[in-house]
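Peer 1: What follows is a single structure, and I will ask about it in a moment.
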Amino acid sequence: MITAVHPNEAAAQLTGRDYVSYSAISTYQSCPLRYFFRYVEGLPEQTVASSLVFGGAIHSAIELQFRELLSGNPAPDLDMLLAAYQAAWQERELGTVHFGKDENAESLGRLADRMLRAFQASDLSQPGGTILGIEEELREPLVPGCPDLLARIDLLIDTGSELVIRDFKTARSRWSQNQAAESAGQLLLYSELVQKLDPEKTVRLEFAVLTKTKEPAVDLYVVRADRQRVDRMKRIIERVWRSIEAGLFYPAPSPMQCPTCPYREPCRAWTG
Amino acid sequence: MQIDSRREFASFSRLAKASVDEELAGNNTPANGSQPSNGQRRSNARRATASQARALIAIADRQKLNLNSMLSGRYGVQQPEELSITEASALIDELKATSNGNGAHR
């Protein structure tokens, strides 16, 4: 008698994690070999793009803002937000950070100052409704035959009639509504997990985009979540997971991705 | 004194509303301090988020409250994670109001 291995167990055997994340699926979609190096081989990343470190550090500062509000404390002042930003940078070895042209830790620190000021001055720093989650992890078996999906939601708010998923992004310039719609895959999946918290309420998906410009803008984009798009995302996850299970790992060279890929050396050495 | 009574009434109104909300949501988790009559129904309620649990612990620490005792006496649970989302929200609001000097429990 053949006993099928539970997808969570299969994932744990393959990657050491008994779940999949949107980030992992997205990594596979952009380059299956990069997924292999990171999630199957567990190779340490030799370099990390400054934009990733910067975005993570801004997230840490924003997270502090909402944690303090949820705990009934006054909103942190700018110095506290910047301290959270700097603390996130200090977790990184500066030598491994791949900075862009005319960019260094100091110039990014000045940019963070401007962006966090803009954030503090915006309505988004004082969300209406009740905060339910900050960097909240939710996990459910969303797609039959696939491991649980693990979601980390930047901000989850209950407005009374709606559950709002708000995802914070840093961007070079202001987004168009189309850009928001095209980036919505992650939020569409997360909407399924959040809906289970309260099936009676509508789930609203939002991107809060902070621009990395001289005068930073803080914009809110609402994304429509319809059944067809959610189902399409589920089918994508299903196909990607089947490919991972089948061991389909190959390089997907890209002039956009390769220059900042942390696995350039092992990729060149890979022979299939 | 009259103001305190009004505040106390508002606080209890909030708790009563939370209790009604829970009932409407099908959760048998009264906010009036009684034990849930059916453990299975509590386990079916959507649990408080990790952020809510952390916030409750932080607020209780700041106010030097015995959170476990409050949870046990009022909701019949031992940990903040065992509250429902609605219960956790109501309790956070109540404790925040208390720490802001607007509550009835000081």
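Peer 1: Looking at the structure I just gave you, is A:Gly42 assigned to a loop (DSSP other than H, G, I, E, B), in contact with a Ser or Thr (Cβ under 6 Å, 6 or more places away or on another chain) and free of Cβ contacts under 8 Å to residues at least 40 places away in the same chain?
Peer 2: Criteria not met by A:Gly42.
Peer 1: Something else about it: For the range A:108-224, please list each of the strands (runs of 3 or more DSSP E) lying entirely inside it that holds at least 3 residues being surrounded by fewer than 20 Cβ atoms within 10 Å (Cβ to Cβ), within 14 Å of chain B (Cβ to nearest Cβ) and touching a helix residue (DSSP H, G or I) at 6+ places or on another chain (Cβ under 8 Å).
Peer 2: Passing ranges, in order: A:130-140.
Per-residue answers, yes or no, for (1) more than 18 Å from the chain's Cα centre (by Cα); (2) loosely packed, with under 14 Cβ neighbours inside 10 Å; (3) farther than 30 Å from A:Trp270 by Cα:
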| position | (1), (2), (3) |
| --- | --- |
| A:Pro7 | yes, no, no |
| A:Ser26 | no, no, no |
| A:Ser51 | no, no, no |
| A:Leu78 | yes, yes, yes |
| A:Ala87 | yes, yes, yes |
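Peer 1: Continuing with the same structure: Report yes if some residue within the range B:40-63 is at pLDDT below 85 and hydroxyl-bearing (Ser, Thr, Tyr); otherwise report no.
Peer 2: yes
Peer 1: Which pairs turn up if I take residues in the range B:54-76 that are within 12 Å of chain A (Cβ to nearest Cβ) and part of a helix (DSSP H, G or I) and look for partners that are surrounded by 15 or more Cβ atoms within 10 Å (Cβ to Cβ) and among the hydroxyl-bearing types (Ser, Thr, Tyr) with beta carbon separation below 7 Å, at least 6 apart in sequence or on another chain?
Peer 2: B:Ala55/A:Ser71; B:Ala58/A:Ser71; B:Ile59/A:Ser71; B:Ile59/B:Ser99; B:Arg62/B:Ser99; B:Gln63/B:Thr98; B:Gln63/B:Ser99
The values are calculated or read from the model by the stated rules, or taken from the named source; none is laboratory data. Keep in mind that what you see is a predicted model, and the values were worked out from it rather than measured. We place every Cβ from the backbone using ideal geometry, glycine too, and count neighbours over all the protein chains shown.
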